[in-house]
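Working notes, beginning with the structure itself.
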């Protein structure tokens, strides 16, 4: 297979994870009805079971092609085969019973269905390795593959076995680590864990999150990333906080990259100064609206990031996964992202 295209020296662009699934593949009304499913949501798929895998392959190739045509430097498989960012992985683990789910509080006053922990958490088989190999075969650019993080996984289930939050988190960390090592062997350039629920319990995050993240990445030598957000923009369109309750603490982790949502919540970027030498995947696309930003609007957000970050530590990206956007909007936003990065890159090198 050919070598992937080299990254630009400054401001390489990346997607965070998901890309919109085509309407012929997923029933979007049913998907939204599940409200980011944590348990099985097989009813979202339009193709019949005997052709579903083929349809998912076709849609994945389309997603990769869209990202590359838009000019994105680091692409994913779009998470096309997943019902949500977390249930695809967690439902493949031993020790969980999703058939008789319990409930957890996703946000104050909002309960969601979640799998019950009924035995020791174990990864018994690869989950995303074939997805990574498929991505590597079809991508011409650098690749990123995503996994749910151990802290988020632990908070998205009902523990009936461990009786100890740290023990449960570390069990998930071991399962994620086994998968991450295999994803590295399958050719991933960047392995990312998604940890949006760090904001759900900041006190527990301060006690356990860095240890769990480092354990999840033990033995991984490719680029290690973590994504933090306040929820999909289309799912959580309301005003978001302008500060993370758990961010600066990640400076002590072994992470190379930290992906943050900044455009929609108008994040106070001064906090990024505390992240030491980490590369920041700065969210510069607002995903709460289908409106496509102009390249200049996105470039202005990149310039704001450069007021607190050196150019070699900033990676322009969407706020979050793009799963819930219309596909045309997602493509247009990524095109604006690539154009904006090119514009600011030329300004930095005196070629504007």
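The values are calculated or read from the model by the stated rules, or taken from the named source; none is laboratory data. Computed from a predicted model, the values in this text were never measured in an experiment. Because the Cβ atoms are built from the backbone with ideal geometry, glycine has one as well, and the counts that use them run over all protein chains shown.
What do you reckon, is residue 185 closer than 28 Å to residue 142 by Cα, out of contact with any strand residue (DSSP E or B) (no Cβ under 6 Å at 6 or more places or on another chain) and surrounded by fewer than 17 Cβ atoms within 10 Å (Cβ to Cβ)? Lay out the reasoning, then the answer.
On the way: closer than 28 Å to residue 142 by Cα: yes; out of contact with any strand residue (DSSP E or B) (no Cβ under 6 Å at 6 or more places or on another chain): yes; surrounded by fewer than 17 Cβ atoms within 10 Å (Cβ to Cβ): yes.
Considered against the rule, which asks whether it is closer than 28 Å to residue 142 by Cα, out of contact with any strand residue (DSSP E or B) (no Cβ under 6 Å at 6 or more places or on another chain) and surrounded by fewer than 17 Cβ atoms within 10 Å (Cβ to Cβ), residue 185 comes out as yes.
Please enumerate the residues belonging to region 244-291 that are at positive phi and touching a helix residue (DSSP H, G or I) at 6+ places or on another chain (Cβ under 7 Å).
To start, the set of residues in region 244-291 that are at positive phi comprises 266, 276.
276, the sole residue that qualifies.
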Which of the residues belonging to region 82-100 are surrounded by fewer than 23 Cβ atoms within 10 Å (Cβ to Cβ), over 21 Å from residue 177 (Cα atoms) and in contact with a helix residue (DSSP H, G or I) (Cβ under 9 Å, 6 or more places away or on another chain)?
-> 98
Please identify the pairs in which a residue from region 209-223 that is more than 12 Å from residue 175 (Cα to Cα) has its Cβ atom under 6 Å from the Cβ atom of a residue that is assigned to a helix (DSSP H, G or I), counting only partners at least 6 apart or on another chain.
-> 209/151; 209/198; 210/252; 219/181; 220/180; 220/184; 222/184
Tell me which residues, restricted to region 248-260, are more than 19 Å from residue 11 (Cα to Cα) and surrounded by 21 or more Cβ atoms within 10 Å (Cβ to Cβ).
-> 250
Filtered residues of region 132-146 (kept if in contact (Cβ under 8 Å) with a residue 60 or more places away in the chain and farther than 14 Å from residue 74 by Cα) = 134, 137
Quick one: residue 244 ticks every box in (1) within 21 Å of residue 200 (Cα to Cα); (2) outside any loop (DSSP other than H, G, I, E, B) bar one, so which box is it?
-> (2)
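Among the residues of region 191-202, is any at pLDDT 95 or above, closer than 30 Å to residue 31 by Cα and assigned to a loop (DSSP other than H, G, I, E, B)?
Within region 191-202, the subset at pLDDT 95 or above is 191-195.
Then drop every residue that is not closer than 30 Å to residue 31 by Cα, which leaves 191-195.
Pick out the ones that are also assigned to a loop (DSSP other than H, G, I, E, B) and you get 195.
Yes, some residue in region 191-202 is at pLDDT 95 or above, closer than 30 Å to residue 31 by Cα and assigned to a loop (DSSP other than H, G, I, E, B).
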Residue 150 versus (1) under 23 Å from residue 186 (Cα atoms); (2) surrounded by fewer than 24 Cβ atoms within 10 Å (Cβ to Cβ): which is the lone unmet condition?
-> (2)
